[in-house]
Amino acid sequence: MALRKPKARLNLRQAIEAAIQQVPRGKVSTYGAIARAAGLPGAARQVAGVLHRSFGLPWQRILGAGGEIKLRGDSAIEQRLRLESEGVIFRGRRVDMKRHEYKFPRAKSR
DNA sequence: AGGGTGACGATCA
DNA sequence: ATGATCGCCACCC
């Protein structure tokens with residue numbers, strides 16, 4: 001009995017990066033969804049942090065809740081252009097999530 | 001070691 | 001729809 005570690009999970013950063021990498025081209029996800037997929041519900045800000053500090057990730061595919069771009073200034077424009085070039089359609093200022101949101105496979109059985 | 005910080009999210013005015 | 005506020009939580013200095 002004793003103690004059991006809740007979960008010896010990988011480094012947070014790796015878990016988050018792995019989740020982000022799963023989003024395919026032409027699809028998008030949200031900070032919150034990535035956090036959940038990485039086993040860190042509620043850690044949306046950490047997802048943003050990783051995106052901010054890591055290179056080599058498809059950062060443009062991660063949006064705020066509702067498909068909204070949460071970046072500011074030039075970066076926001078670049079994100080939109082990159083997504084559009086991948087075929088992602090916007091509806092006003094947001095991505096059409098019904099059409100492009102990537103659904104993560106259930107980590108645990110269906 | 002501790003606390004400020006932020007590419008969030010949900011809610012309310 | 002926009003802006004403010006509060007709760008979250010690991011990372012960085």
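Data overview
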| item | result |
| --- | --- |
| Residue that is at pLDDT below 90 and farther than 19 Å from A:Lys103 by Cβ, where the choices are A:Arg4, A:Arg45, A:Arg82 | A:Arg4 |
| From A:Gln79, A:Gln22, A:Gln46, A:Gln60, residue being within 9 Å of DNA strand C (Cβ to nearest atom) and polar (S, T, N, Q) | A:Gln46 |
| Candidate set: segment A:64-95, residues that are near DNA strand B (Cβ under 7 Å from one of its atoms) and aliphatic (A, V, I, L, M); chosen: the one nearest to A:Ala18 (Cα to Cα) | A:Ala65 |
| Residues of segment A:23-39 satisfying the condition of being within 18 Å of A:Gln79 (Cα to Cα), part of a loop (DSSP other than H, G, I, E, B) and either touching a Phe, Trp or Tyr at 6+ places or on another chain (Cβ under 7 Å) or among the small types (Gly, Ala, Ser) (or both) | A:Val23, A:Pro24, A:Gly26, A:Lys27 |
| Every pair of residues 6+ apart whose Cβ atoms lie under 7 Å, when the first sits in segment A:27-47 and is without any contact (Cβ under 8 Å) to a residue 60 or more places away in the chain while the second is of a type in the set (Phe, Trp, Tyr) | A:Ala44/A:Tyr31; A:Val47/A:Tyr31 |
| Residue match in segment A:83-96 (condition: within 15 Å of DNA strand C (Cβ to nearest atom), buried (at least 19 other Cβ atoms within 10 Å of the Cβ) and of a type in the set (A, V, I, L, M, F, W, C)) | yes |
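The values are calculated or read from the model by the stated rules, or taken from the named source; none is laboratory data. The structure presented is a predicted model; accordingly, all values stated were derived computationally and were not measured. Cβ sites come from the backbone with ideal geometry, for glycine too, and all protein chains shown count toward neighbours.
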